[in-house]
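Undergrad: Have a look at this one before I ask anything.
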Amino acid sequence: MTREAGDAICKAFANLKTTSVIILLANVWAEYRWSHKVSKALEIIQKTLVAKGHSQTKPRRQVLEVFFHNDKPLTPAAVRKQLPDRNINLASVYRAIELFCRERVLTEVDHVQEGRRYELSDAYRTHHHHLICGSCGETEDFEDCEMDDLEKLIRRRYRFKVIRHDLRFIGLCQSCQQ
Ligand SMILES: [Zn+2]
Ligand SMILES: [Zn+2]
Ligand SMILES: [Zn+2]
């Protein structure tokens, strides 16, 4: 074996090791994020449900975990598809979502052909608004909220104290414009 070949093999091996370390780290990170989200869901269940006398059931826990793993608004049917336990029926998913909405853990985003879509409320994620495509239903979040001045104006002019606001822009997404 020439020295060049030997060097090349050593290099390839070193690269391989780096790649596997990166993969390993990525897996550890993904697992950490997953378990972090799961524990966050459990913590919320403890605070919002158990503390108020509701019981912590498997459908409730799994439904909330699905919302923690998705950034986009989901219909109950879409939630059900992602549940690890395939035996949980759609009615239980609806009931869990209803309860979480009452407890302000989830919030209703909009109503599309497939049904109402929900996501975690402001209390559990960054405050944001939605750009909703009226043609394909695709939603995009935007976080640049500039409603403070408007709320101050409302306060002054109407003596109305705004507690929260809800803003949606309906339009056409990039691909639906073509
Ligand atoms: Zn679209
Ligand atoms: Zn959103
Ligand atoms: Zn806002």
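Undergrad: Of all the strands (runs of 3 or more DSSP E) wholly in the stretch 81-178, which have at least 1 residues that are touching a helix residue (DSSP H, G or I) at 6+ places or on another chain (Cβ under 6 Å) and within 26 Å of Glu43 (Cβ to Cβ)? Break it down into steps so the answer makes sense when it comes.
TA: Details: elements: 106-112, 115-120, 129-133, 139-142, 168-171.
Per the criteria, 106-112, 115-120.
Undergrad: When you look at Asp141, is it in contact (Cβ under 8 Å) with a residue 24 or more places away in the chain, of a type in the set (Asp, Glu) and either surrounded by 10 or more Cβ atoms within 10 Å (Cβ to Cβ) or away from ligand 1 (no atom under 16 Å from the Cβ) (or both), yes or no? Give the steps one after another, and end with the answer.
TA: On the way: in contact (Cβ under 8 Å) with a residue 24 or more places away in the chain: yes; of a type in the set (Asp, Glu): yes; either surrounded by 10 or more Cβ atoms within 10 Å (Cβ to Cβ) or away from ligand 1 (no atom under 16 Å from the Cβ) (or both): yes.
For Asp141, the condition - in contact (Cβ under 8 Å) with a residue 24 or more places away in the chain, of a type in the set (Asp, Glu) and either surrounded by 10 or more Cβ atoms within 10 Å (Cβ to Cβ) or away from ligand 1 (no atom under 16 Å from the Cβ) (or both) - is met.
Undergrad: Separate question: Quick one: in the stretch 35-60, which of the residues that are under 15 Å from the mean Cα position of the chain (by Cα) and among the charged types (D, E, K, R) is farthest from Leu99 (Cα to Cα)?
TA: Per the stated criteria, the residue is Lys37.
Undergrad: Ok, one more. With the structure loaded, tell me whether Glu103 is at pLDDT 95 or above and either within 30 Å of Thr48 (Cα to Cα) or assigned by TED's automatic domain parsing to the domain that holds Lys72 (or both) or whether it fails that test.
TA: Numbers: at pLDDT 95 or above: no; either within 30 Å of Thr48 (Cα to Cα) or assigned by TED's automatic domain parsing to the domain that holds Lys72 (or both): yes.
When the stated conditions are applied, Glu103 does not pass them.
Undergrad: From Ala41, Ala77, which residue is part of a helix (DSSP H, G or I) and in contact with a strand residue (DSSP E or B) (Cβ under 8 Å, 6 or more places away or on another chain)?
TA: On the way: Ala41 fails: in contact with a strand residue (DSSP E or B) (Cβ under 8 Å, 6 or more places away or on another chain).
Matching residue, one of Ala41, Ala77: Ala77.
Matching residues to (1) within 15 Å of ligand 2 (Cβ to nearest atom); (2) exposed (fewer than 15 other Cβ atoms within 10 Å of the Cβ):
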residue	(1), (2)
Asn89	no, yes
Tyr94	no, no
Val109	yes, no
Gln113	no, yes
His127	yes, yes
Ser135	no, yes
Ile163	no, yes
Leu167	yes, yes
Gln178	no, yes
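Undergrad: Just the residues that are within 15 Å of ligand 1 (Cβ to nearest atom) and β-branched (Val, Ile, Thr), please, taken from the stretch 114-138.
TA: Ile132
The values are calculated or read from the model by the stated rules, or taken from the named source; none is laboratory data. Keep in mind that this is a model prediction, so the values were computed, not measured. Because the Cβ atoms are built from the backbone with ideal geometry, glycine has one as well, and the counts that use them run over all protein chains shown.
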